[in-house]
Amino acid sequence: MFEKNPWQTLNSKEVYDNPWINVSHREVINPGGGKGIYGKVHFKNIALGILPLDAHNNTWIVGQYRYTLEEYSWEIPEGGGLFGIDPLLSAQRELKEETGLIANTWIKILDMNTSNSVTDELGIAYVAKDLSQKEAEPEESEDLKIRKLPFDELYEMLMNGEIKDALSMITIFKTKELMLRGEL
């Protein structure tokens, strides 16, 4: 493991900025000493994933058309949380917005770097338990379908390639492992 950064940044120029991301172009000296370029996408929010589980190991997923992929996607409830705000509070908000679910028990199961070769995005995932149902409150930009299903069916969707979202995948895998260990 490196104790110091082997990359040297010669200059950095902002090429795009909006409320969610900042993109910069950088000229660098790489670890081998050669000159190169690097693009970095900085996310202004924490990526949050929530896997709700009821007492019978049923869960809820959210379906929506993803503009960037030009395809429909089934995912665990997800959203963004501002830095400086407790991620758990943002996760609670997102679960309520997307599914109408309120959870009394929250278990943080992972921190992840979503795609560390081009972005600094941090992802955090929770399992939400002791659930009660309220009314969903999706954002204007969200046209969501909500589906309740047994966790084992969700796991099969993942194994069959029906779930492709990275945060959903790692959260489902981690949840399955914690269940097998008797930790959930």
Across the range 1-58, the tally of residues that are closer than 30 Å to S132 by Cβ and over 18 Å from the mean Cα position of the chain (by Cα) stands at 5
Filtering the range 97-125 down to residues that are loosely packed, with under 15 Cβ neighbours inside 10 Å and either closer than 24 Å to R26 by Cα or touching a Ser or Thr at 6+ places or on another chain (Cβ under 6 Å) (or both) yields N113, S115, N116, S117, V118, D120
Suppose the filter is touching a Phe, Trp or Tyr at 6+ places or on another chain (Cβ under 8 Å), on the phi < 0 side of the Ramachandran plot and either surrounded by fewer than 16 Cβ atoms within 10 Å (Cβ to Cβ) or touching a residue at least 24 places away in the same chain (Cβ under 8 Å) (or both); does M157 pass it? yes
Filtering the range 10-55 for residues that are without any contact (Cβ under 8 Å) to a residue 40 or more places away in the chain and not small (G, A, S) leaves a count of 24
Return the pair list, or none, for Cβ contacts closer than 9 Å from residues in the range 125-150 that are touching a residue at least 60 places away in the same chain (Cβ under 8 Å) to residues that are basic (K, R), at least 6 apart or on different chains. A125/K108; A125/K174; Y126/K108; V127/K108; V127/K174
Of these, I50, I46, which one is farther than 14 Å from V127 by Cα, modelled with pLDDT of 95 or more and touching a helix residue (DSSP H, G or I) at 6+ places or on another chain (Cβ under 8 Å)? I46
Quick one: count up the residues across the range 81-91 that are buried (at least 19 other Cβ atoms within 10 Å of the Cβ) and without any contact (Cβ under 8 Å) to a residue 24 or more places away in the chain. 0
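Per-residue answers, yes or no, for (1) exposed (fewer than 11 other Cβ atoms within 10 Å of the Cβ); (2) under 21 Å from T114 (Cα atoms):
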{"residue": "K13", "(1), (2)": "yes, no"}
{"residue": "H25", "(1), (2)": "no, yes"}
{"residue": "P31", "(1), (2)": "no, no"}
{"residue": "G49", "(1), (2)": "no, yes"}
{"residue": "L53", "(1), (2)": "no, no"}
{"residue": "Q64", "(1), (2)": "no, yes"}
{"residue": "S73", "(1), (2)": "no, yes"}
{"residue": "G79", "(1), (2)": "no, yes"}
Those strands (runs of 3 or more DSSP E) completely within the range 92-184 that have 3 or more residues that are within 30 Å of V23 (Cα to Cα) are 101-113, 122-133
With (1) among the acidic types (D, E); (2) touching a Lys or Arg at 6+ places or on another chain (Cβ under 9 Å); (3) modelled with pLDDT under 95 as the list, and E140 as the residue in question, which single condition is left unmet? (2)
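The values are calculated or read from the model by the stated rules, or taken from the named source; none is laboratory data. None of the values given here were measured: they were computed from a predicted structure. Virtual Cβ from ideal backbone geometry, glycine too; neighbours counted across all protein chains shown.
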